[in-house]
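To keep things clear, I will list the structure first and then write my remarks on it.
The values are calculated or read from the model by the stated rules, or taken from the named source; none is laboratory data. Here the structure is a predicted model, which means the values were calculated and not measured. We place every Cβ from the backbone using ideal geometry, glycine too, and count neighbours over all the protein chains shown.
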């Protein structure tokens with residue numbers, strides 16, 4: 001295990017009162033006055049904060065508003081950070097990849113479980129790592145992400161274009177990958193309870209959200225990865241498909257140590273015509289073994305089985321329920337602003353053509369792009385040019401333009417500054433259904449290779 005790296009964590013930033021963005025140094029905020037967070041507003045008579053995105057020099061103040069609006073929905077993060085007490089055990093070696101079972105402390109009474117996949121090619125020097133978040137499963141959790149099963153533990157792995165095994169695909173491409181179990185799935189289903197039933201979580205944390213909890217667990221995953229000698233602590237990405245796709249954006253928005261993000265097939269719309277984001281159960285008592293089973297003919301039609309479909313309710317954000325009950329309530333924030341919180345760090349959105357239509361993605365993507373294109377460095381916010389200098393390949397830029405055009409090294413930063421972070425945000429669509437076809441996989445590889453400074457094995 002390596003000594004603790006000098007990388008600024010979100011928890012440290014929060015303790016200093018700084019915005020949760022990447023690239024912030026401790027010195028940037030020490031001694032600066034901390035702006036008081038706006039008071040939480042009552043749902044009745046709520047005023048929307050959405051407007052034409054403030055960009056450039058106006059962005060830092062706007063960012064604080066947006067972050068507070070999201071935290072009012074998600075709930076604030078814990079202030080107590082337990083020791084990791086990590087455990088790592090080698091399980092298998094196959095096709096040049098060593099698989100470890102790992103666990104570490106998330107809260108005082110809760111541990112994250114995960115598969116760590118380490119390719120032999122990553123042993124030569126510290127390699128970039130990617131946290132891979134699984135989709136909705138029926139108990140498979142991390143096993144589906146690592147290519148060990150399908151939606152259920154007893155199912156064979158799905159075809160690679162199915163999208164679930166991104167942890168295995170990225171490990172084969174040369175990345176260290178950490179395939180985590182989200183709470184209520186995989187090994188983190190409580191005995192005698194059912195998959196994705198979040199009611200027990202809300203009994204314990206009535207003011208938090210399962211989305212916020214997942215973000216916290218991913219932050220703890222970064223804490224764990226940064227203890228490994230073979231991981232480059234400054235080059236850590238996050239990705240996921242479906243449920244993991246939109247969760248990835250939440251994680252990147254609230255964890256500054258995430259260097260690059262790829263969201264595959266994640267819902268980017270509140271869908272207020274349904275109650276998906278904030279289901280209201282008939283009872284807040286979690287299902288126990290022996291309670292009446294439920295069945296879903298629709299799931300049987302789509303997936304070919306009816307056993308073990310007893311799951312949920314998965315209540316993403318409990319505090320969003322008033323906006324579902326009263327459709328006239330104006331939104332206090334939306335997913336374009338969530339994507340803005342990731343700026344200027346690289347972020348790629350991938351979906352099928354239908355999902356771009358169904359999730360009303362294009363207007364949101366165009367608004368988020370304005371923040372990237374109009375980026376201006378400011379105290380407490382990251383410098384895009386400095387980030388480019390730190391990434392693998394900057395030396396090649398200097399050598400090429402000096403040799404071919406006579407541009408001196410000191411001139412290049414000024415040139416790069418003209419594009420701001422405009423190339424750090426992108427999206428890609430593909431025909432067909434909700435999956436992860438080869439063309440989308442290749443785009444994902446290319447995005448991470450570009451921004452995590454990774455050269456795939458020959």
(message) Just to be sure before I move on: is residue 315 closer than 26 Å to residue 186 by Cα, under 30 Å from the mean Cα position of the chain (by Cα) and assigned by TED's automatic domain parsing to the domain that holds residue 200 in the structure I sent?
(response) yes
(request) Return the pairs, sorted by first residue and then second, in which the second residue is not in a loop (DSSP other than H, G, I, E, B), the first residue lies in the stretch 50-78 and is modelled with pLDDT of 95 or more, the beta carbons are less than 6 Å apart, and the residues are 6+ apart or on different chains. (result) 66/337; 73/319; 73/320; 74/211; 74/212; 75/212; 77/216
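Which count do you get for residues in the stretch 122-137 that are surrounded by fewer than 24 Cβ atoms within 10 Å (Cβ to Cβ) and not in a loop (DSSP other than H, G, I, E, B)?
Taking the stretch 122-137 and keeping what is surrounded by fewer than 24 Cβ atoms within 10 Å (Cβ to Cβ), we get 123-127, 136.
Next cut, not in a loop (DSSP other than H, G, I, E, B) only: 123, 127.
Result for the stretch 122-137: 2.
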(message) Criterion first (part of a helix (DSSP H, G or I), in the same structural domain as residue 442 (by TED's automatic domain parsing) and either under 24 Å from residue 246 (Cα atoms) or more than 19 Å from the chain's Cα centre (by Cα) (or both)) does residue 348 satisfy it?
(response) no
(message) Go through (1) crowded, with 22+ Cβ neighbours inside 10 Å; (2) in contact with a helix residue (DSSP H, G or I) (Cβ under 6 Å, 6 or more places away or on another chain); (3) under 16 Å from residue 237 (Cβ atoms) for residue 149 and report which single condition fails.
(response) (3)
(request) Please go through the stretch 175-204 and pick out each residue that is in contact with a strand residue (DSSP E or B) (Cβ under 9 Å, 6 or more places away or on another chain) and in a loop (DSSP other than H, G, I, E, B). (result) 175, 181, 182, 183
(request) Determine which single condition residue 97 fails, assuming it passes every other condition in (1) within 21 Å of residue 202 (Cα to Cα); (2) buried (at least 18 other Cβ atoms within 10 Å of the Cβ). (result) (1)
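Yes or no, residue by residue, for (1) in the same structural domain as residue 170 (by TED's automatic domain parsing); (2) surrounded by 18 or more Cβ atoms within 10 Å (Cβ to Cβ); (3) under 21 Å from residue 339 (Cα atoms); (4) touching a strand residue (DSSP E or B) at 6+ places or on another chain (Cβ under 6 Å):
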site: 372; (1), (2), (3), (4): yes, yes, yes, yes
site: 390; (1), (2), (3), (4): no, no, no, no
site: 399; (1), (2), (3), (4): no, no, no, no
site: 403; (1), (2), (3), (4): no, no, no, no
site: 412; (1), (2), (3), (4): no, yes, no, no
site: 431; (1), (2), (3), (4): yes, no, no, no
site: 439; (1), (2), (3), (4): yes, no, no, yes
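Quick one: in the stretch 247-284, which of the residues that are assigned to a loop (DSSP other than H, G, I, E, B) and out of contact with any helix residue (DSSP H, G or I) (no Cβ under 7 Å at 6 or more places or on another chain) is farthest from residue 356 (Cα to Cα)?
If we filter the stretch 247-284 for residues that are assigned to a loop (DSSP other than H, G, I, E, B), which is where we start, we get 255-259, 265-275, 279-284.
Checking the rest, the ones that are also out of contact with any helix residue (DSSP H, G or I) (no Cβ under 7 Å at 6 or more places or on another chain) come to 273-274, 279, 282-283.
Numbers: 273: 18, 274: 18, 279: 24, 282: 33, 283: 35 Å.
Restricting to residues being assigned to a loop (DSSP other than H, G, I, E, B) and out of contact with any helix residue (DSSP H, G or I) (no Cβ under 7 Å at 6 or more places or on another chain), the top hit is 283.
So which of 92, 140 ends up being in a strand (DSSP E or B), over 24 Å from residue 233 (Cα atoms) and more than 19 Å from the chain's Cα centre (by Cα)? Don't jump to the end; show me each part of the working.
On the way: 140 fails: in a strand (DSSP E or B).
It is 92.
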(message) Can you pull out every residue in the stretch 334-370 that is under 12 Å from residue 424 (Cβ atoms) and touching a strand residue (DSSP E or B) at 6+ places or on another chain (Cβ under 8 Å)?
(response) 339, 342, 343, 345, 346, 347, 348, 368, 369
(message) What's the total number of residues in the stretch 371-412 that are part of a loop (DSSP other than H, G, I, E, B) and under 27 Å from residue 57 (Cα atoms)?
(response) 11
(request) For the stretch 301-312, name all the residues that are at pLDDT 75 or above and over 28 Å from the mean Cα position of the chain (by Cα). (result) 301
(message) crowded, with 16+ Cβ neighbours inside 10 Å, over 28 Å from residue 365 (Cβ atoms) and either touching a strand residue (DSSP E or B) at 6+ places or on another chain (Cβ under 7 Å) or at pLDDT below 95 (or both): which single residue out of 238, 231 fits that description?
(response) 231
(request) Take the stretch 105-140 and flag every residue that is touching a strand residue (DSSP E or B) at 6+ places or on another chain (Cβ under 8 Å) and more than 22 Å from residue 259 (Cα to Cα). (result) 105, 111, 113, 120
(message) Restricting to the stretch 265-297, name every residue that is at pLDDT below 90 and closer than 30 Å to residue 439 by Cα.
(response) 271
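Condition first: exposed (fewer than 14 other Cβ atoms within 10 Å of the Cβ) and assigned to a helix (DSSP H, G or I). Now tell me which residues in the stretch 414-424 satisfy that.
Within the stretch 414-424, the first condition is being exposed (fewer than 14 other Cβ atoms within 10 Å of the Cβ), and the residues that meet it are 414-415, 418.
Those that are exposed (fewer than 14 other Cβ atoms within 10 Å of the Cβ) and assigned to a helix (DSSP H, G or I): 414, 415.
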